[in-house]
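Here's the structure we're looking at; comments come further down.
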Number of protein chains: 2
Amino acid sequence: MGAAKETLGEEQPWAEVSPDAARRLLIAAVDAFAERGYHATTTRDIAGRAGMSPAALYIHYKTKEELLHRISRLGHDKALAILRAAADGEGTAADRLSAAVRSFVRWHAGHHTTARVVQYELDALSAEHRAEIVVLRRLSDAAVREIINDGVRAGEFDVPDVPGTTLAVLSLCIDVARWFDVGGRRTPDEVGALYADLVLRMVGAAQR
Amino acid sequence: MGAAKETLGEEQPWAEVSPDAARRLLIAAVDAFAERGYHATTTRDIAGRAGMSPAALYIHYKTKEELLHRISRLGHDKALAILRAAADGEGTAADRLSAAVRSFVRWHAGHHTTARVVQYELDALSAEHRAEIVVLRRLSDAAVREIINDGVRAGEFDVPDVPGTTLAVLSLCIDVARWFDVGGRRTPDEVGALYADLVLRMVGAAQR
DNA sequence: CACTTGCCTAAGCGCTTGCTCACCTTCAGG
DNA sequence: CCTGAAGGTGAGCAAGCGCTTAGGCAAGTG
């Protein structure tokens, strides 16, 4: 009550989802999926969290799986956009890799409930939907590999195994969604800074 | 048929589980949980994979959750033993950290089906069982932190944030279970070697 | 031999699941 | 004032769930 429009002007998540009821259902689903997992979440639970009857869900989404797909798609779009923005940015390869890791990790920590669904519920998608998502994931991988390759070519980085290191960097960042705890001592910013430093060390970028 | 005792003499997994029927059920459960997740797996599926009727499961295990708990407990015991063996081993801190990462990663890749259940189905455990497992996880964290602290004290490592780096190292290794693919190009040994190198870089250990 | 014990199955109970259907309300446009 | 679309509800269906029960069979023991 009264918290309807907290910090107005801030980039509101899920703004692209309309109408309002569909967005409320989607947000409820993100919370429920993140908390219990897709298979352990019931459609009644989602509807209940959104303040609606179970049947209301099916006015806006054909199935429970379509809800997951929508969440997964939007989340992957956002994650890819973050990485591409860093890859296409200005500065040295070290600057861009640092920026990529920092913003990517910040998103996984700050939106860890969304990220958890996006990163750990891929198996619950239908074969067609999963195939669509896998394409986006390969693009994310390409964005990071691109930066690392640039750094190697420029002599900034020392990386014996570029594909393997790319995989490790992404894996490290993604797993933040699993362990990050809002009640914990670290802020998303702090984790992002720590991880950016660790990743620069992994690629052998000369420090300071 | 005939494959009953393949490569006899090799350390057989789940040898500590008896009788034979209970072990077959547990192995079937590991496969099913790893493939579909705990909640998406039915007791009929587990029993079917073990070649038994659904009711047979309840002769050996009280509930489906007890099966998960047994798997999780044994897996965490094994994971902790691997880390402790490395932490208590001989050599410099760099030697021990390298050995810890190498063997820990090798286990997560080689037994990625077990590791997936162990690492990603914690939420499906009952509150009491989860509490028991969390203790083991804290001990694993302590083992790694111990090595890193040793390295810092000896001047071998340069680590500004020991708890954060410990978390990142464990996170990196654990996430191998999520992406490792048997059909992929890398063997568990290769991933272990790559990761050991990456982690030594993360802690600033002087290379060669 | 009778009897217990260990291990297994067929059948099915009670409940929850994803999803549907008949119906209701609100409201803009002619 | 009537109409039709949009968005919601209560009740409930068919299927599948975790788990139980009654009973069968083989092996070991007095």
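The values are calculated or read from the model by the stated rules, or taken from the named source; none is laboratory data. Being a predicted model, the structure only gives us computed values, none of them experimental. Every residue, glycine among them, receives a Cβ derived from its backbone with ideal geometry; neighbour counts consider all protein chains shown. The protein model used for the area step is the full one, side chains on, heavy atoms only, and it has no ligands, DNA or RNA in it. Shrake-Rupley method; radii C 1.70, N 1.55, O 1.52, S 1.80 Å.
Of all residues in the range B:19-50, how many are crowded, with 17+ Cβ neighbours inside 10 Å and of a type in the set (S, T, N, Q)?
2
A:Arg23 versus (1) at pLDDT 95 or above; (2) away from every other protein chain (no Cβ under 14 Å): which is the lone unmet condition?
Status for A:Arg23: all satisfied but (1).
Those residues that are assigned by TED's automatic domain parsing to the domain that holds B:Ala115, open to solvent by 40 Å² or more (accessible area, probe 1.4 Å) and among the charged types (D, E, K, R), I need them from the range B:167-208; list them, please.
The answer is B:Arg178, B:Asp181, B:Arg185, B:Arg186, B:Asp189, B:Glu190, B:Asp197.
How many of the residues in the range A:51-60 are open to solvent by 10 Å² or more (accessible area, probe 1.4 Å) and either more than 8 Å from DNA strand D (Cβ to nearest atom) or part of a helix (DSSP H, G or I) (or both)?
Counting residues in the range A:51-60 that are open to solvent by 10 Å² or more (accessible area, probe 1.4 Å) and either more than 8 Å from DNA strand D (Cβ to nearest atom) or part of a helix (DSSP H, G or I) (or both) gives 6.
What's the number of the condition B:Leu194 fails, among (1) touching an Asp or Glu at 6+ places or on another chain (Cβ under 7 Å); (2) farther than 12 Å from B:Val101 by Cβ?
The one condition B:Leu194 does not meet is (2).
Considering only the range B:64-83, how many residues are open to solvent by 60 Å² or more (accessible area, probe 1.4 Å) and over 13 Å from the mean Cα position of the chain (by Cα)?
1
Looking at A:Tyr195, A:Tyr120, which is the one that is closer than 30 Å to A:His39 by Cα, within 10 Å of chain B (Cβ to nearest Cβ) and not hydrophobic (A, V, I, L, M, F, W, C)?
Of the residues listed, the single one that is closer than 30 Å to A:His39 by Cα, within 10 Å of chain B (Cβ to nearest Cβ) and not hydrophobic (A, V, I, L, M, F, W, C) is A:Tyr120.
For the range A:20-49, enumerate the residues that are closer than 19 Å to A:His111 by Cβ, part of a loop (DSSP other than H, G, I, E, B) and of a type outside the set (Ser, Thr, Tyr).
Within the range A:20-49, A:Gly37 is the sole residue that qualifies.
Restricted to the range B:26-47, and to residues that are in contact with a helix residue (DSSP H, G or I) (Cβ under 8 Å, 6 or more places away or on another chain) and within 13 Å of DNA strand C (Cβ to nearest atom), which residue is farthest from the other protein chains (Cβ to nearest Cβ)?
This residue is B:Leu26.
What is the number of the single condition among (1) at the interface with chain B (Cβ under 9 Å from one of its Cβ atoms); (2) open to solvent by less than 10 Å² (accessible area, probe 1.4 Å); (3) over 16 Å from A:Met202 (Cα atoms) that A:Gly164 does not meet?
(3)
What pairs come out if I take residues in the range A:20-40 that are within 19 Å of B:Gly37 (Cα to Cα) and pair them with residues that are within 14 Å of DNA strand C (Cβ to nearest atom) and charged (D, E, K, R) whose C-beta lies under 6 Å away, six or more apart or interchain?
Listed by first residue and then by second, the contacts come to A:Ala32/A:Asp45; A:Tyr38/A:Glu121.
Can you tell me which of (1) more than 12 Å from DNA strand C (Cβ to nearest atom); (2) at positive phi; (3) touching a residue at least 40 places away in the same chain (Cβ under 8 Å) is the one A:His76 doesn't meet?
Evaluating A:His76 over (1) more than 12 Å from DNA strand C (Cβ to nearest atom); (2) at positive phi; (3) touching a residue at least 40 places away in the same chain (Cβ under 8 Å) leaves (2) as the failure.
Is it true that some residue in the range A:62-84 is within 16 Å of DNA strand D (Cβ to nearest atom), outside any loop (DSSP other than H, G, I, E, B), more than 30 Å from A:Met202 (Cα to Cα) and among the polar types (S, T, N, Q)?
No, the conditions are met nowhere in the range A:62-84.
Quick check on my filter: what residues within the range B:171-186 are more than 9 Å from every other protein chain (Cβ to nearest Cβ) and either in contact (Cβ under 8 Å) with a residue 12 or more places away in the chain or closer than 18 Å to A:Tyr195 by Cα (or both)?
B:Cys173, B:Ala177, B:Phe180, B:Val182
Looking at B:Ile133 and the list (1) at the interface with chain A (Cβ under 9 Å from one of its Cβ atoms); (2) over 22 Å from B:Ala94 (Cα atoms); (3) β-branched (Val, Ile, Thr), which single condition is not satisfied?
That leaves (1) as the condition not met.
Can you tell me how many residues in the range A:88-132 are of a type in the set (A, V, I, L, M) and surrounded by fewer than 19 Cβ atoms within 10 Å (Cβ to Cβ)?
Result for the range A:88-132: 3.
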